[in-house]
1. Being surrounded by 14 or more Cβ atoms within 10 Å (Cβ to Cβ) and touching a helix residue (DSSP H, G or I) at 6+ places or on another chain (Cβ under 6 Å) narrows it down to one of L290, L256, so name that one.
2. Condition check: in contact (Cβ under 8 Å) with a residue 12 or more places away in the chain and farther than 30 Å from V179 by Cβ. Does L142 satisfy that?
3. Out of the residues in the stretch 83-111 that are of a type in the set (D, E, K, R) and farther than 30 Å from K185 by Cβ, which is surrounded by the most Cβ atoms within 10 Å (Cβ to Cβ)?
4. Return yes when E292 is within 23 Å of L51 (Cβ to Cβ) and either outside any helix (DSSP H, G or I) or β-branched (V, I, T) (or both) and no when it is not.
5. Got a sec? Which helices (runs of 4 or more DSSP H) wholly within the stretch 1-97 have at least 3 residues that are under 37 Å from the mean Cα position of the chain (by Cα) and at pLDDT below 90?
6. Part of a strand (DSSP E or B), among the charged types (D, E, K, R) and at pLDDT 85 or above: which single residue out of D112, D132 fits that description?
7. Tell me, which residue of the stretch 139-167 that is surrounded by 15 or more Cβ atoms within 10 Å (Cβ to Cβ) and assigned to a loop (DSSP other than H, G, I, E, B) is modelled with the lowest pLDDT?
Amino acid sequence: MHKIIFHTLQKIFQILGFEKNPKAQIRNPNYLMTLLFVFIMATEVLAQQPLTLPEAIELARLQSVDAAVALNQLKTSYWEYRTYRANLLPEINISATLPDYRKSYNLYQLDDGTYKYVRNNSLRVTGDVSIDQNIWFTGGKLSINTSMQFVDPLNTTGANRYFMTVPVGVTLSQPIFAVNNMKWKRRIEPIRYKEAQAAYLENVETVTLRTIMYYFQLLLAKENLNIASQNKENADRIFEIAQARRQMGQISENELLQLKLSALKAESNLTKEQSSLNSAMFRLRSFLGLSETDNIDPVIPDMLNYPVINYQNVLNKAQENNPFAQNIRRRQLEADYEVAQAKGALREIDLFASVGYTGQEQIFKSAYQNLMDYQIVQVGVKIPILDWGKRKGRVKVAESNREVITSRLKQEQMNFNQDIFLLVEQYNNQAEQLRIAKEADEIAQKRYNTSVESFMIGKINTLDLNDAQLSKDNARAKYVSEMHLYWYYLYQIRSLTLFDFEKQTNLDAEFERLVNN
């Protein structure tokens, strides 16, 4: 851009002959005026930034606040899913107390029933390493651990230090009738993450829809400003001609005053449209994350010749890709999960079993040689004898809630299908509406040009001229509005189906790269 302006400046100077006498250039007023004019034009060119609709969409996906929010929501869902996956893997834990020194007095009862405070002055060291594994198909937990404990009574004499070790121990805890939480999470969490991925793609398409809305608002404001500028220019020119015709007695004073009012109205409308343009540009700049110095010049987008879209194809893609489909599956599973939890709470039986070997000696090495086995088996039972129907009531409430959710999901699915049907109909009709609006715009513009020429030669009056101008303005605004609706319906279908009908492929994203950036 800078090179183009530089070469243009050189060419102008060569044409005007200013380079032949450099010393005289500074004193030449034409040179100074030309330099000022070229500087203003260069500044205007540099300030204008033509921005196509695809470029605006790309900027919005990269820089807008809405896109950043969508990405952060995806990252949150990703790490929630990672946490669930981590719960299925073995977990290694280390716990230690290094050291545990105590100097205190403890109350002790003697054989004769009296009490005595005994001084406790000891040093302890403990350590434990365990490997824990959740068993998803049973809902239990298996742990393998090894531990060591050292005790040194500092207030006694002799070899009273002891090491107690558990080289290996295996512990199983298993609920018998309770709900298997891990099994239900294996069914729910993958669907929840797929829903989050689809929601991210849908949110990106929502960003696109907002970009289209702001872009066409700016484009319409630009077109309206151009129309207002042209109307003002024509109104001024017509008023000048009307003044001459009035002097010749060809029009009345009333018609002249009416044309003067039209010129003033055109000037007022130009100011209003300039304000509307500034407002629309500010909204788009803010949404795209651009600075206030960026002057966007929207371009009427090229129309894409998409084929007629079939409702059944759109519905199938929406049911396959839309987060709503995943949302229905997840909510149905969660309702079933609530019923299973309520039924599992009717009676509680927990099994706890622990087996292993232990040893104790005054020497650390010997504590691992003379081992003794140990076994612990506990079965805890909690069965309500009389709870006045409280737990049974919870089951009934959960089942009723499931029925309510099932009914709501059916209604939401019907509304979803209906919305898709109406949207597909609107899109397929919009192509024809856009064609009609484009043809009407061309005809209205030709009629207005003909009306201006006819008025100048006195064949039509001011009312006919004003009617032609109003028709022209309305036809242009209608054309831009219909184009906006065409793009909006198209990307609305994309957001519902997450499918690109131009490339005939599903919308996708590099989720691993997105969440790890």
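1. L256
2. Answer is no for this residue.
3. Across the stretch 83-111, the extreme among qualifying residues is D100.
4. The answer is yes for E292.
5. In the stretch 1-97, the matching helices (runs of 4 or more DSSP H) lie at 29-47.
6. Within the list D112, D132, the selection yields D132.
7. R161
To keep it simple, each residue is scored yes or no on (1) more than 30 Å from V151 (Cβ to Cβ); (2) part of a helix (DSSP H, G or I); (3) free of Cβ contacts under 8 Å to residues at least 60 places away in the same chain; (4) not aromatic (F, W, Y).
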| position | (1), (2), (3), (4) |
| --- | --- |
| R329 | yes, yes, no, yes |
| I349 | yes, no, no, yes |
| A367 | no, yes, no, yes |
| D387 | yes, no, yes, yes |
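The values are calculated or read from the model by the stated rules, or taken from the named source; none is laboratory data. Because the structure is a prediction, the values reported are computed rather than measured. No Cβ is skipped: glycine too gets one built from the backbone with ideal geometry, and neighbour counts run over all protein chains shown.
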